[in-house]
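What follows draws every value from the coordinates through simple rules; no lab data is involved. Quick caveat, the model's predicted, so the values are computed rather than measured. Counting neighbours? That spans all protein chains shown, and the Cβs are built from the backbone with ideal geometry, glycine included.
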Amino acid sequence: MTTRLAGRERATRLAEPDTRHRPARRPAGRRRKGMSDRRYAALLMLPAALFLAAFVAWPLIRLVVDSFYEISPISGGPRTFVGFANYAAALGGDTFQDAALRTVAYTLIVVTAEFVLGLATALLFSALGRRSSVFRTIFLYPLMIAPVVAGLLWRFLLIDNSGILNHILFRVGLLDSPTSIGWLSDPDLVLWAVAIPDIWLTTSFMTLVLFAGLQNVPGDILEAARLDGARAWTLLVRIIIPLLRPVIAVALIVRGIDAAKAFDIILIQTGGGPQNASQTLSLLIYQTMIRFGEPGLASAMGTLYLIAMLAVAVVAVWFIWRPGADT
């Protein structure tokens, strides 16, 4: 009996793997060369961080620093420290204030139109389901056009005397003559006219973002609301839009900042005219720097513009998204 038990113990020891001479396994959080996951991730992000530091952070620092100096437009010219004089000149000037109001008006026109049209189109595509795949592809085509090309295209459509749009309206009997409406020459109308290309160009972006958000709206909630007798408007206002708040916040912030810095489309169409009626802050900063040769004043305007955009973004995130609030 004793011999049989001793044989079983010996067989058990032979069957068990011998781990005495095996090297200890490295911890899961370590790399082969002793690099942790955190350091490895930081190494991967280093090229992007260097790029942002060189082409974003450093120009922003130079912008803020130059705003406190009176700088000669000649390369290597004198620099005179003037403190907040550039900021006082910018804020106290009627040109800056008028350009700021036009920028706000232009942004509201563009973003409001794009949001309404984009949400309506996204709801239509969502209702069509897979049948809308071809239409979604066609609808995204304007997003692939360069803003300069879009500005030139709409300039040919809206330009006075020879504009295609006025001739079409004249042919169908809506205008008495092809020159009845001065889209790009009427100071009261030009801001709306230069907003049309921007709306046409980027409504597809708003549609794409909102359509992606609609795919995450739970269908059972909508079905339960329909069974309870909720109509389409109630579904939209009480369920869909509240559930889309984070998506709406991102879309409005991205498009709002992009519309507020509109430059190339307006420059191609009117150059800020007539009578500065379409001059936005971006155009004013550009003209102050290049045409009038005042880099210090232009830097102060740019810094004020940056602060305003940051404030608007924070307010939009807080009131539209409302992080932490129950949806």
Problem - Footprinting exposure proxy for Trp318, Trp183 (fewest neighbouring C-beta atoms within 10 Å first) - result: Trp318, Trp183
Fill in the blank from the handout: FRET efficiency for Ala308 and Trp192 from the Cβ-Cβ distance with R0 = 22 Å, rounded to 0.05, comes out at 0.45
Practice task
Compute the distance in nm between two label points, each set 7 Å from the Cα along the Cα-to-Cβ direction, one at Ile221 and one at Thr112.
Solution key: 2.8
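Can you sort Ile265, Ile199 so the residue with the fewest Cβ neighbours within 10 Å comes first?
Details: Ile265 22, Ile199 19.
Fewest-to-most ranking of Ile265, Ile199: Ile199, Ile265.
Estimate the FRET efficiency between Trp233 and Arg79 by the formula 1/(1 + (r/R0)^6), using the beta-carbon distance for r and 45 Å for R0, to the nearest 0.05. All intermediate terms of the calculation are to be shown ahead of the outcome.
Values: r = 60 Å, r/R0 = 1.34.
Calculated value: 0.15.
How large is the helix-only mean residue ellipticity at 222 nm for the chain, computed as the sum of -39500 (n - 2.57) over DSSP H runs with n ≥ 4, divided by its residue count, in deg cm²/dmol to the nearest 500?
Taking each H run of at least 4 residues, the total per residue is -19500 deg cm²/dmol.
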Handout entry: Cα→Cβ-extended label distance, 7 Å offset, between Val65 and Leu143, nm
Key = 3.9
Handout entry: Highest-fluctuation residue, Ala41, Ala146, Ala57 considered, GNM on the chain with Cα pairs under 10 Å
Key = Ala41
Practice task
Normalise the Debye intensity by I(0) for the chain, one equal point scatterer per Cα, no solvent, then take log10 at q = 0.10, 0.11 Å⁻¹ and round to two decimals.
Solution key: -0.82, -0.95
Problem - Kyte-Doolittle mean at least -1.0, axial Cα span of 27 Å or more - DSSP H helices of the chain - result: 94-128, 190-214, 295-316
Exercise for the section: Taking 7 Å along the Cα-to-C-beta vector as the label spot, tell me the Ile257-Ala48 distance in nanometres, rounded to one decimal. Expected result: 1.5
Handout entry: Among Arg171, Arg39, Arg155, residue whose mean-square fluctuation peaks in a GNM of the chain (springs only between Cα atoms under 10 Å)
Key = Arg39
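Quick check: residue separation of Ala57 and Arg130 times 0.36 nm, minus the Cα distance between them. What number comes out in nm?
Working: separation 73, 0.36 × 73 = 26.28 nm, distance 4.40 nm.
Net length gain for the segment: 21.9 nm.
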Practice task
Could you work out, for region 53-188, what percent of all Cα-Cα pairs fall into each 5 Å distance bin, beginning at 0 Å and stopping at the bin that holds the largest distance?
Solution key: 2, 7, 8, 10, 12, 13, 13, 11, 9, 7, 5, 3, 1, 0
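When the gyration tensor of region 139-213 is built from Cα positions, what are the square roots of 5 times its three eigenvalues, in whole Å, from largest to smallest? Could you put the intermediate results ahead of the total?
Details: eigenvalues 152, 32, 27 Å².
Listed largest to smallest, the semi-axes of region 139-213 are 28, 13, 12 Å.
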Completion exercise
By Cβ neighbour count within 10 Å, fewest first, Asp37, Asp160, Asp66 rank Asp37, Asp160, Asp66
